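Below: one structure, written as structure tokens.
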Amino acid sequence: MSALRARVCSSLVARRLFSKNLKNSKHINGIAVSSQHHNGPVIFHTKYSTVSDQKPEETKASPEKKEFQAETRMLLDIVARSLYSDKEVFIRELISNASDALEKFRYLSVSSAPDLPPLENTDRSLEIRLSTDKQNRTLIFQDSGIGMTKEELNQNLGTIARSGSKSFIEEIKKQGSDQASSIIGQFGVGFYSAFMVADKLEVYTRSSKTGSPGFKWSSDGSGTYEIQEVDNVPIGTKIVVYLKTDCREFADEETVRNIIMKYSNFIGSPIYLNDVQVNSIKPLWLMAPKEVTHEQHVEFYRFVGNSYDKPRYTLHYKTDAPLSIRSILYVPEGKPGLFEMSRDSDVGVALYSRKILIKSKAENILPKWLRFVKGVVDSEDIPLNLSRELLQNSALIAKLRHVLTNRFIKFMIDNAQKDPVGYDAFYKDYSLFFKEGIVTSQSAIEKEDIAKLLRFESSKLENGVKTSLADYSARQNNDQKSIYYLAAPSRELAQTSPYYESLKKRDVEVLFCYEMYDELVLLELKEFGGRKLVSVENDMQTDPAAPSETIIGSEDLQQTQVNELISYLKSHLSGKVFEVRTTQKLDSHPCVIIVPEMAAARHFIRTQAQSLTEENRFALLRPQLEINAKHPIIKKLHKLISSDKDLANMVAQQLFSNAMVTAGLVMDPRNLITNINELLVKALEKH
């Protein structure tokens with residue numbers, strides 16, 4: 001994981017509020033404080049006293065023992081032991097609470113509300129500090145935020161599921177302010193997650209209100225807590241976590257650092273661990289797109305994507321309607337790996353709420369077919385459950401997914417138009433995901449939007465040149481109501497396909513589909529831009545058989561002879577073909593096979609037919625043989641019926657096999673070699 005060298009910026013709230021009050025440099029209470037502006041954010045450079053430098057707290061009065069107002073220990077057990085899936089999230093929760101305390105102080109220190117009490121030491125540094133002590137199994141969290149009075153301690157820590165942050169937001173919203181939007185702790189139970197790992201918690205706090213004394217709150221999680229007044233408590237809050245024996249790893253500095261970087265790397269205030277700042281990466285998604293350099297995007301992509309390549313495409317998207325969304329989405333430069341293809345990748349789009357990581361891979365934020373996309377989505381509108389781990393309100397999540405998906409598709413369409421060559425290279429690597437999206441999407445509108453990204457070769461364009469469905473439609477006149485396509489392994493086979501002959505003579509443009517699942521995708525898509533998508537194989541079925549009285553030509557078979565041949569083929573191919581008829585859409589080929597929904601039939605042959613007998617396969621496929629009565633082989637076959645019945649049967653069987661191979665309905669053509677050799681032996685008997 002690469003480290004960005006830029007100092008972390010303060011929160012957006014501080015950016016707006018502190019810029020009004022801070023000057024270039026000043027000394028307050030012996031602490032040097034300066035403010036510098038780098039692209040707007042405020043950065044603090046301060047000489048701080050460490051946690052170990054502070055005077056020890058001194059008890060002034062006997063502790064008051066109280067019971068939690070949540071009535072029972074069972075509720076505390078649920079919060080501490082069942083609500084969170086990973087014990088490590090208690091660090092995220094306590095840091096989030098500390099961040100909230102700093103945001104509250106930032107707001108109140110510049111607020112002009114007349115009923116606010118005077119605050120003490122308003123120019124102090126705002127920071128979060130953690131310290132580990134592995135020998136004594138302790139982990140300490142300390143912030144220089146708003147702090148708490150005795151009454152607030154009872155309210156916020158003495159009542160489970162009461163949220164001080166939530167009540168704070170409700171109060172200032174009554175005053176018509178929106179500055180509290182950066183406070184994330186709206187659930188009221190995060191503090192108690194520490195009891196997952198702690199035998200005991202001690203909280204030392206002093207309110208920022210002028211003249212407030214310090215207090216100590218302590219509990220072992222058994223249903224009671226104690227409060228007592230203490231001296232030497234700095235403004236803010238310090239939480240001492242006495243770890244259980246089996247949780248001693250959370251007193252390890254490296255373990256704690258990794259957890260902070262995982263969940264809280266983008267907190268606006270500096271976070272120090274044992275006096276070394278940990279969070280050093282800017283939340284780029286909150287910055288204006290024009291302010292972010294390409295180099296910053298590369299390093300940020302490598303951080304969130306856990307990779308070493310570069311982003312091929314970068315979508316920096318911000319909107320406030322219909323939802324508040326701040327996001328950066330990256331398309332990798334390299335080819336997708338096995339895990340992306342199989343849906344098992346651990347890297348995707350991370351979900352944040354006001355810079356706090358909620359899920360490192362949020363499956364519901366983008367559809368599965370966009371799993372190759374990496375990045376960050378931050379939305380204040382996302383509802384979460386109490387533990388911040390599970391998403392609720394599926395309708396809102398669906399709206400978020402819809403907005404992001406549409407924006408990404410539009411972004412890729414724009415890039416395809418601006419840089420066709422670059423998009424073609426991208427499409428070669430990632431087209432399978434788009435096709436998956438069309439097949440799996442439940443929305444016809446979304447299917448057509450994704451289809452705008454598809455590319456195919458065309459009979460009207462040179463070899464290797466690809467076109468979109470939109471460009472194909474634009475080249476057609478209004479009389480053509482269909483978009484024609486042909487599935488074949490290569491352009492050479494497509495251009496020589498018997499199914500293509502008729503449209504070629506009519507000078508109709510046909511799209512060539514070379515990939516295995518292209519025809520299934522187009523079959524699922526059904527139409528594009530008001531035009532139906534039609535396989536040329538299905539188009540052949542619209543050609544009615546020649547009238548029975550018609551004489552095909554003086555040198556060709558008479559109708560009575562054609563009827564004799566059709567009867568012969570039905571008899572000798574019984575159990576294989578279910579209909580034989582003539583067609584006028586063939587020229588250079590003797591015959592073709594037609595089955596309903598050829599694409600679905602080929603997919604069936606590839607995936608399931610091996611478990612069936614040959615008889616059952618033909619019964620399910622119900623192939624129809626269409627013959628070109630003008631072709632030399634067909635005319636010769638009619639003569640062989642009376643002159644050499646054995647050779648006639650072998651030719652009939654081989655014609656049928658050849659047509660099945662051309663249609664792509666034979667699992668393994670190698671099985672036909674024996675019959676071909678026997679036919680050659682028979683044909684060469686007289687030579």
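The values are calculated or read from the model by the stated rules, or taken from the named source; none is laboratory data. Keep in mind that this is a model prediction, so the values were computed, not measured. Cβ atoms come from the backbone with ideal geometry, glycine included; neighbour counts cover every protein chain shown. In case anyone asks, the SASA skips ligands and DNA or RNA and just uses the protein heavy atoms, side chains included. Shrake-Rupley method; radii C 1.70, N 1.55, O 1.52, S 1.80 Å.
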Close pairs (7 angstrom Cβ cut-off, 6 or more residues apart or separate chains): exposed (fewer than 14 other Cβ atoms within 10 Å of the Cβ) in region 489-503, modelled with pLDDT of 90 or more anywhere: P489/Y514; S490/Y514
Restricting region 240-249 to residues that are open to solvent by 10 Å² or more (accessible area, probe 1.4 Å), touching a Lys or Arg at 6+ places or on another chain (Cβ under 8 Å) and in a helix (DSSP H, G or I), which is farthest from I140 (Cα to Cα)? T245
Filter region 83-114 for residues that are at pLDDT 90 or above and over 20 Å from L126 (Cβ atoms) and give the result. E88, F90
List the residue pairs whose Cβ atoms are under 9 Å apart, where the first residue sits in region 334-353 and is closer than 17 Å to R302 by Cα and modelled with pLDDT of 80 or more, the second is of a type in the set (S, T, Y) and open to solvent by 30 Å² or more (accessible area, probe 1.4 Å), and the two are 6 or more positions apart or on different chains. A350/S360; L351/S360
Within region 458-481, take every residue that is open to solvent by less than 20 Å² (accessible area, probe 1.4 Å) and outside any helix (DSSP H, G or I) and give me the one that is nearest to V521 (Cα to Cα). S468
Counted residues, region 283-306 - those being modelled with pLDDT under 85 and out of contact with any Lys or Arg (no Cβ under 8 Å at 6 or more places or on another chain): 1
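Matching residues to (1) closer than 22 Å to A350 by Cβ; (2) assigned to a helix (DSSP H, G or I); (3) open to solvent by less than 30 Å² (accessible area, probe 1.4 Å):
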| site | (1), (2), (3) |
| --- | --- |
| R401 | yes, yes, no |
| T405 | yes, yes, yes |
| M412 | yes, yes, yes |
| V421 | no, yes, no |
| A425 | no, yes, no |
| S431 | no, yes, yes |
| F434 | no, yes, yes |
| V439 | no, yes, no |
| K447 | no, yes, yes |
Counting only residues that are on the phi > 0 side of the Ramachandran plot, open to solvent by 20 Å² or more (accessible area, probe 1.4 Å) and either touching a helix residue (DSSP H, G or I) at 6+ places or on another chain (Cβ under 8 Å) or not in a loop (DSSP other than H, G, I, E, B) (or both), how many does region 110-151 have? 1
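Which members of region 568-603 meet the condition of being of a type outside the set (A, V, I, L, M), assigned to a helix (DSSP H, G or I) and either at pLDDT below 90 or open to solvent by 70 Å² or more (accessible area, probe 1.4 Å) (or both)?
Here is the first cut: in region 568-603, the ones of a type outside the set (A, V, I, L, M) are 568, 570-572, 574-576, 578-579, 581-585, 587-591, 596-597, 602-603.
The next check asks that each one be assigned to a helix (DSSP H, G or I); those that pass are 568, 570-572, 602-603.
Scanning region 568-603 gives K570, S571, H572, R602, H603.
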Would you pick out the residues in region 616-652 that are under 24 Å from Q541 (Cβ atoms), out of contact with any Asp or Glu (no Cβ under 6 Å at 6 or more places or on another chain) and not aliphatic (A, V, I, L, M)? N616, R617, F618, R622, P623, E626, N628, H631
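Mind counting the residues in region 207-229 that are assigned to a strand (DSSP E or B) and open to solvent by 50 Å² or more (accessible area, probe 1.4 Å)? Can you show your working first?
Step one: filter region 207-229 for residues assigned to a strand (DSSP E or B), giving 209, 214-219, 224-229.
This time we only want the ones that are open to solvent by 50 Å² or more (accessible area, probe 1.4 Å), so: 209, 226, 229.
Residues in region 207-229 being assigned to a strand (DSSP E or B) and open to solvent by 50 Å² or more (accessible area, probe 1.4 Å): 3 in total.
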